[in-house]
Amino acid sequence: MTPAPRFDYVSIDSIQPSPDNPRRHPPEQIRQLTKAIGELGFINPIVIDANGIIVAGHARYLAATRLKLNTIPVIRVDYLTEAQLRAYRLADNKLVENAE
C-alpha cells in the first residue's frame with residue numbers, strides 16, 4: 001500500500017525553497033498571487049518533502065512571505081524517494097505548460 005500525502009499547517013519559517021527549482025517567477029505573477037491569496041485565502045497548499053524543502057509551490061511561498069503569513073498549508077510527501085521527488089517536480093512544472 002502506497003503511503004498517502006499528509007495535510008498540515010506549518011510555520012512559514014520551517015520550510016525553504018528548493019535550490020533546484022527550475023522555475024523563475026516574474027514579479028507580476030507574485031503580485032497577482034499575493035492579491036489572490038490576500039483576498040481569497042491560501043487555498044492551494046505547498047508541497048514539501050521530509051526536510052521541509054518545497055517540492056511544488058515556490059510562487060505561493062513567495063506570495064505568502066509578502067503577506068507576512070506566519071503559518072501556511074502544506075502537503076507533506078515525506079515518503080517519496082529523491083528520484084520520485086525529481087519526477088514530481090518535473091511533471092508539476094511541465095504539465096502546466098500543456099494547458100490551453
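The values are calculated or read from the model by the stated rules, or taken from the named source; none is laboratory data. Just so we're clear, the structure is a prediction, and the values are computed from it rather than from any experiment. In this analysis, Cβ positions are derived from the backbone assuming ideal geometry, glycine residues included, and neighbour counts consider all displayed protein chains. These accessible areas exclude ligands, DNA and RNA; they are computed on the full protein's heavy atoms, side chains included. Shrake-Rupley method; radii C 1.70, N 1.55, O 1.52, S 1.80 Å.
Per 0.36 nm of contour for each residue apart, how much would the distance between Ser14 and Glu28 grow if the chain were fully extended, relative to their Cα-Cα spacing?
Numbers: separation 14, 0.36 × 14 = 5.04 nm, distance 2.60 nm.
Stretched fully, the Ser14-Glu28 segment lengthens by 2.4 nm.
Computed over protein heavy atoms with a 1.4 Å probe, the accessible surface of the chain works out to 67 Å² per residue. What does the accessible area of Val55 come to, in Å² to the nearest 10, when a probe of 1.4 Å is used? Probe radius 1.4 Å; accessible area of Val55 about 10 Å². For segment 6-76, a Kirkwood radius taken over Cα pairs fed into Stokes-Einstein (37 °C, viscosity 0.692 mPa s) yields D = 272 µm²/s. When the Gaussian network model of the chain links Cα atoms closer than 10 Å, the mean-square fluctuations of Pro73, Pro26, Pro17 top out at Pro26.
Ignoring any ligand, DNA or RNA, what whole percent of the accessible area of the chain comes from carbon and sulfur when the probe is 1.4 angstrom? Please list the in-between numbers first.
Values: 3610 of 6650 Å².
Answer for the chain is 54 percent, counting heavy atoms of protein chains only.
Length gained on full extension, Arg86 to Asn44: 13.1 nm, using 0.36 nm per residue less the C-alpha separation. Put a plus charge on the Cβ of each Lys and Arg, a minus charge on the Cβ of each Asp and Glu, and nothing anywhere else: the dipole of the chain about its Cα centre is then about 220 debye. Note on the chain: helix-only mean residue ellipticity at 222 nm, from DSSP H runs of 4+ residues weighted -39500 (n - 2.57) and normalised by residue number, equals -11500 deg cm²/dmol.
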